[in-house]
Structures are given as C-alpha cells and as structure tokens.
Amino acid sequence: MERRATIKDVAEAAGVGVATVSRVLSGGSASPRTRERVLAVAAQLDYRPSALGRNLRQRRTGGMGLLVPDLTDTFYGQLAEGVLACARSAGEPVVIGSTGDDPEQESELIGMLLEQSVDRLIAVPAGDAETWAPAARAGMTVVFADRLPAPAAGEEDPRAAAVGDLMLLDGLSPAARPRPPEAPSVLADDRAGIRTAVRYLRGLGHRRIAFLGGPGHDRRVAAFREAVGAPVDEELVVFATGSRDSAYAAASGLFQSRPDLSAVVAGGNVLGEAAVLAARELDLRVPRDVSLIMYDDVPWAELCSPPLTVIAQPGRDMGYRAAELVLRSGGRRARGVVLPTELIIRGSCGPHR
C-alpha cells in the first residue's frame with residue numbers, strides 16, 4: 001500500500017515548519033505566499049488532515065495527549081503519574097510528549113497530535129495563546145496544568161485573572177473557598193505558597209531575600225515581589241532558562257554578585273538543586289551562611305544535608321484532576337481548579353546572623 005502523506009511531509013516539501021502547516025490548514029495566520037505554497041503542496045501530496053477539522057467535530061476519536069516541558073523533571077513525572085492513573089481507570093490511552101519549554105517544538109507537537117486525531121489534551125504550556133489557536137479551532141479539549149499560556153499580542157492576559165482569583169484568599173474565613181480561574185486549568189496556589197515562605201524567612205530575621213525563577217514562573221515571581229514589598233531589589237530577582245546548566249549559572253552568579261543576601265527562594269526543583277550545588281561549590285554553608293527554600297517537594301530534598309525546607313505542591317493530584325477535567329468536559333468548557341500548597345519546614349533555614 002502507498003504510504004499516506006503526513007503533516008511532516010507537507011512541511012518538508014513546502015520548506016516550512018510543521019507548526020506553520022498546522023496554522024495554515026486550520027485557518028490560522030500566515031503570509032499569502034506561505035499559505036498558497038502550503039495549500040499547493042498539500043493538494044499535490046493528497047494530504048488529508050484527519051483531525052484539523054472534520055473528524056474532531058464529527059466524532060469522538062478517543063485518546064488523550066500530555067505535553068510537559070521535561071520528562072526528567074521530578075515534578076512533571078509526578079504530574080504524568082497522576083494523568084496516567086486517571087486515564088488508566090477510564091481505559092484511555094495517553095500520548096506523551098516533551099516540549100523542552102520551546103514554543104516552536106510545542107506547536108509542532110500540537111499539530112502532530114491533531115493529525116493523530118487526539119481530541120483531548122493536558123499541557124504545561126510553553127507557548128502563547130497563538131500557539132494554542134489551532135487546537136481550539138480544531139475543537140480539541142485542552143486543560144492546562146501548573147501554568148497558563150502567555151497572551152498573544154493585544155489580548156488580555158489569562159494569567160492576570162488567575163492571580164486575581166488567588167488573591168481572594170486574603171481575608172477569607174477558613175470555610176471560604178477561592179474562586180477558581182476562568183481558564184480550563186489545574187493550578188497550585190503559588191501566591192499563598194510563596195507568601196508563606198517569605199513570611200517565614202522574615203520571621204527568622206532575613207531581609208535580603210533572593211528569588212531564582214525560570215520558565216513559566218510568572219505567578220511565583222509576582223507573588224514574591226508582592227510578598228517582599230516595595231521597593232524590590234531587582235538584583236535579587238534572577239532568572240534562568242529551563243536547563244540545569246542555566247540554573248546553576250544563575251544560582252552561582254547570584255551568590256557571587258550579592259554576597260550580602262541571606263536567603264533564597266528557588267522557584268522550582270531544578271533551580272533548588274542548582275542553588276544547593278552552587279552553595280557547596282562556593283563553600284557557603286546552609287543554613288549558617290544562606291537559608292534556602294525550594295518550590296516543589298521531591299524525594300531528594302529530604303536526603304540533602306541539611307534536608308531542604310520546601311513549598312510542596314500536589315503534583316500527582318494536579319495531573320489526576322486535570323485528566324478528570326478533560327475526560328468529563330463533554331464539549332463543555334472545563335472549570336478551573338486551584339490546589340493548596342504547604343510549607344514543609346526542615347533544616348535548610350536558620351536565623352539571620
């Protein structure tokens with residue numbers, strides 16, 4: 001039998017990326033010349049997209065996709081376990097992809113999942129709203145986990161609404177519940193977690209507190225700035241890319257450029273690992289010379305010497321709840337869910353000397 005043309009074949013023949021083909025065939029933005037070339041190649045190769053329109057709208061194909069930035073990251077592994085557990089109980093297959101926190105790679109994976117008729121997707125997004133437009137136009141049900149996509153140019157930021165919803169926690173009675181964000185998502189209460197960590201460090205006498213951030217940490221950075229209050233010392237807010245090398249460089253540079261800092265909040269477990277390694281290389285004693293709090297409770301955190309104080313978020317539960325949302329949506333807009341965080345105090349924080 002003759003092999004059926006794929007979206008990748010069209011992209012190669014047209015000299016464009018898979019993401020561009022996906023946008024053109026789903027009615028998205030592209031230059032007239034590019035659109036004409038892609039459509040001509042698609043017709044020449046007799047390419048018939050199975051999910052970019054007709055199939056997803058006319059029938060439920062089954063199957064669920066999961067896109068995460070890094071399959072080796074412990075937190076995303078926990079999230080994937082939750083998704084797989086829920087899918088297994090429902091008898092649903094799961095296609096897993098790693099985006100590398102690269103919007104272009106994420107866009108290509110979305111196009112491939114659409115081609116494979118995957119009609120439901122859970123994602124930790126790397127790209128903006130434009131990246132996710134083809135999925136929406138094709139009728140795919142998408143639930144975001146851990147974070148929300150950035151807005152496209154000129155659009156309202158959906159993350160701002162999420163932050164505003166999380167801020168309703170202030171002043172509420174214990175019986176009250178925060179209103180979940182409107183976007184279909186399952187998020188941790190980053191603001192409460194960061195705020196509690198900063199207050200704990202302040203209670204130990206720390207004033208020069210730094211934050212190590214990475215991709216997708218917008219809400220955590222905003223929460224940190226709010227918690228420390230104005231004016232914020234911008235030299236103490238440092239960012240890395242998603243790689244471990246970048247995280248180590250950011251942590252090491254922070255310690256060397258600001259020897260006066262006394263505490264660090266690491267925005268994720270890769271950044272926390274980098275801070276531990278950099279402190280060790282620079283002969284900084286934890287917690288005597290610098291106190292450290294890490295966002296994410298991962299198995300190795302308790303095995304460190306001293307064990308790390310962490311802001312724990314329920315990774316497995318987050319994945320399970322996201323899978324429940326995407327399975328039960330039935331074409332309806334899924335509701336957002338906000339899950340609590342917890343400060344687990346161990347041995348990596350001490351009084352400021």
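The values are calculated or read from the model by the stated rules, or taken from the named source; none is laboratory data. Note that the coordinates shown come from a computational prediction; the quantities given were computed from them, not determined experimentally. Glycine gets a Cβ as well: all are built from the backbone with ideal geometry, and neighbour counts include every protein chain shown. Please note that ligands, DNA and RNA were not included when accessible areas were found on the heavy atoms of the full protein model with its side chains. Shrake-Rupley method; radii C 1.70, N 1.55, O 1.52, S 1.80 Å.
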Ignoring any ligand, DNA or RNA, what whole percent of the accessible area of segment 261-337 comes from carbon and sulfur when the probe is 1.4 angstrom?
48
Below 8 Å, C-alpha to C-alpha, sequence gap of six or more: please give me the relative contact order for segment 222-353 in percent.
21
Any idea which of Tyr248, Leu282, Trp300 is furthest toward the positive side of the dipole for segment 221-353, if Lys and Arg beta-carbons carry +1 and Asp and Glu beta-carbons -1?
Trp300
Under the 7 Å Cα-to-Cβ spin-label approximation, Phe239 and Arg225 lie apart by a distance in nanometres of 1.0
Under a 1.4 Å probe, counting only protein heavy atoms, Leu25 has an accessible area in Å², nearest 10, of 50
Largest-first ordering by accessible area, 1.4 Å probe, given options Glu226, Glu12:
Glu12, Glu226
Residue-wise, which Karplus ³J(HN,Hα) couplings in Hz belong to segment 232-242, taking 6.51 cos²θ - 1.76 cosθ + 1.60, θ = phi - 60°, and x for glycine or proline?
8, 6, 5, 5, 9, 10, 10, 10, 10, 7, x
When the solvent-accessible surface of protein heavy atoms is calculated with a 1.4 angstrom probe, in what order do Thr309, Thr6 fall, highest first?
Thr6, Thr309
Along Cα→Cβ, 7 Å out, is where each label goes; now give me the distance between the ones at Asp102 and Glu36 in nm to one decimal.
3.2
Residues of segment 217-260: accessible area per residue with a 1.4 Å probe, Å²
51
Roughly speaking, to the nearest percent, how much of segment 73-141's 1.4 Å accessible area is carbon and sulfur?
50
Simple spin-label estimate for Asp289 and Leu204 in nanometres, 7 Å along Cα-Cβ
1.6
Segment Leu277-Glu12, extension gain: residue separation times 0.36 nm, minus the distance between their alpha carbons:
91.1 nm
Scoring segment 236-303 by relative contact order with C-alpha pairs under 8 Å, at least six apart, yields a percentage of 33
